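Here is the structure we will look at.
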Amino acid sequence: MSGRVLPFPFRSATPDEGKAAASRVLATPIPERLRNAASLNIEEPECLLSLCAFLRERMDASPAHVLGEAEFLYRFVEWPKRAIGLFDERDYFLGELALIAGTACRQLSRREEARLWFDRSESGFRHTANAVGELSRLAYQRLALRMEERQLDAVLELAPPLAETFHSLGMPDEALKCCFLEGLALMECDRLDHSVGVFEEICRDAKALRNEKLLASAYGNLTHIYGMMGDSENAIEASRKAIPVLTRLNDRVALAKVQWGLATLLREVGQTAASIDAYRTARQQFHRIGMRADQAALGLVVADLLLESGKDQEAMREILAALPVIDELRMVPEGVAALSLLRESLRHQKINRQALRDLHGYFEDLKS
């Protein structure tokens, strides 16, 4: 959240009334909302504030649902050009709703859509009184997108100064999120010891800020890193700290990623059958929240382990299920060669295992 307080010297609704109005909006099917917009008070700034807060809170539980709601609200505010509030509220809500929609698209690996939404967000925020703070939050999401596209040098260069900007704006939680990106980039560069150090520092800072979500997410990332290192004791301990908090917060995205980390640990210590089961559990969790890219990535990892177990036909079915999603979402800008080799081997009914490993290695660590 931005911590923004909108300038409402003559509020027509109290915050509690705004929450009640937001609940009525969300309980009304989208096709009926336009017909009942006046009685639902959707144009009230307090209602829109409550709706934005709700969508941000639900982002990690149901990004696909959040995207649909954010897009409806953006279109509602955008056209016809509605008079929202007294000052820059309309521009703020256009920027905020587009940022929420773009973040949901990023979670769902719909990256081209995310870029368009982020451009829309910039157009709105540029005209607000608190433009520096809002545009900095937007810059974080754009940097997170670059992380997912493996622009690691850019992330390592740009994350620290962005964190400094957030500190100067009095936004320490946002600054800490930049450290997450730095830690993930280090992990992706196989600098695992350095990455562990970053996330352990994040844990200390998150505790000081009393930010349970960031603390549990940091432990979730430590679960995965320790899993990659084959460090059972620390991986399990980190997961034990992460899972109860993430469950209470209903952070289904992070919970699925913790499961992914535990599956990686089982693979690293040679428990192949248990690892396959754990990866499939994580994949099912991603399926429930509509994260198809992660589903596909895990399908490739499972296929590799099935090959290792001598189950070639089962592995081929996993790959054939994953490839259409990889194509649709354009998931492999750097993995085109490996993807082509894998496809060619499938045509000859014999899986090119190195190409498979190169391809699923592309996805293994992208868990921002």
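Shape of segment 148-189 from its Cα gyration tensor (a ≥ b ≥ c, root eigenvalues): rounded if a/c is under 1.5, otherwise prolate when a/b > b/c, or oblate? Taking the square roots of the gyration eigenvalues as a ≥ b ≥ c, segment 148-189 is prolate. This ranking places Asp231, Asp327, Asp294 by how few other beta-carbon atoms lie within 10 Å of each, fewest first, which gives Asp327, Asp231, Asp294. Under the combined filter of DSSP loop state and at most 13 neighbouring Cβ atoms within 10 Å, segment 230-333 retains these trypsin sites (Lys or Arg not before Pro): Arg330.
Here Cys189 and Leu209 are evaluated by their C-beta separation; at R0 = 35 Å the FRET efficiency comes out at 0.80. Expressed as a fraction of 2.2 N^0.38 Å, the C-alpha radius of gyration for segment 179-225 is 1.04. Using the Karplus relation 6.51 cos²θ - 1.76 cosθ + 1.60 with θ = phi - 60°, the per-residue 3J(HN,Hα) values for segment 276-283 come to 4, 4, 5, 4, 5, 5, 4, 4 Hz, with x marking Gly and Pro. Sequence-distant contacts, meaning Cα pairs under 8 Å at least 6 residues apart, place the relative contact order of the chain at 11 percent. Per-peptide packing, taken as the mean over residues of other Cβ atoms within 10 Å, places 81-91, 217-227, 104-114 in the sequence 217-227, 104-114, 81-91 from highest down.
In the chain, the DSSP-assigned H stretches of four residues or longer account for a calculated mean residue ellipticity at 222 nm of -25000 deg cm²/dmol, using -39500 (n - 2.57) per stretch and the full residue count as denominator. Looking only at Ile289, Ile30, Ile326, which one moves most when the chain is put into a Gaussian network model with springs between Cα atoms under 10 Å? Most flexible of the set in this elastic network: Ile30.
Taking 0.36 nm per residue of separation and subtracting the Cα-Cα distance, full extension of the segment from Ser123 to Arg330 would add 71.9 nm.
Taken one residue at a time, the phi angles of segment 169-182 give Karplus couplings (6.51, -1.76, 1.60, θ = phi - 60°) of 8, x, 10, x, 5, 5, 4, 5, 5, 5, 5, 4, 4, 4 Hz. Gly and Pro are set to x. For the chain, the longest principal axis of the Cα atoms and the long axis of helix 353-363 meet at an angle of about 20 degrees.
For the chain, the Stokes-Einstein estimate of translational diffusion at 20 °C and a viscosity of 1.002 mPa s comes to 99 µm²/s, using the Kirkwood hydrodynamic radius over alpha-carbon pairs.
Each Cα pair under 8 Å and six or more residues apart adds its sequence gap; the mean of these over the residue count of segment 98-224 is a relative contact order of 15 percent. Rounded to the nearest whole angstrom, the semi-axes of the ellipsoid equivalent to segment 213-312, taken from the Cα gyration tensor as √(5λ), stand at 22, 17, 8, largest first. Model label points for Ala64 and Thr14, set 7 angstrom from Cα along the Cα-to-Cβ axis, are 4.0 nm apart.
In plain terms, the residue of Asp173, Asp205 with the fewest other Cβ atoms within 10 Å comes first and the most crowded comes last, giving Asp173, Asp205. Across segment 150-274, the relative contact order, built from alpha-carbon pairs under 8 Å that are at least six residues apart, equals 19 percent. Which whole number in µm²/s is D for segment 150-274 by Stokes-Einstein, with the Kirkwood Rh taken over Cα pairs at 4 °C and 1.567 mPa s? Answer from the Stokes-Einstein relation: 88 µm²/s.
Taking the alpha-carbon centroid of each part, what is the distance from segment 89-137 to segment 27-81 in angstrom? Value for the Cα centre distance between the two parts: 15 Å.
Each residue of segment 311-326 was assigned a 3J(HN,Hα) from its phi angle through the Karplus curve 6.51 cos²θ - 1.76 cosθ + 1.60 (θ = phi - 60°); the sequence is 9, 5, 5, 5, 5, 5, 5, 4, 5, 5, 6, 7, 4, x, 5, 4 Hz, with glycine and proline shown as x. Using the Cβ-Cβ distance between Asp153 and Glu308 with R0 = 35 Å, the FRET efficiency computed as 1/(1 + (r/R0)^6) comes to roughly 0.55.
Readers should treat all values here as calculations from the given coordinates under stated rules, not as data from a laboratory. Keep in mind that this is a model prediction, so the values were computed, not measured. Ideal geometry is used to build each Cβ from the backbone, glycine not excepted, and the neighbour counts take in all protein chains shown.
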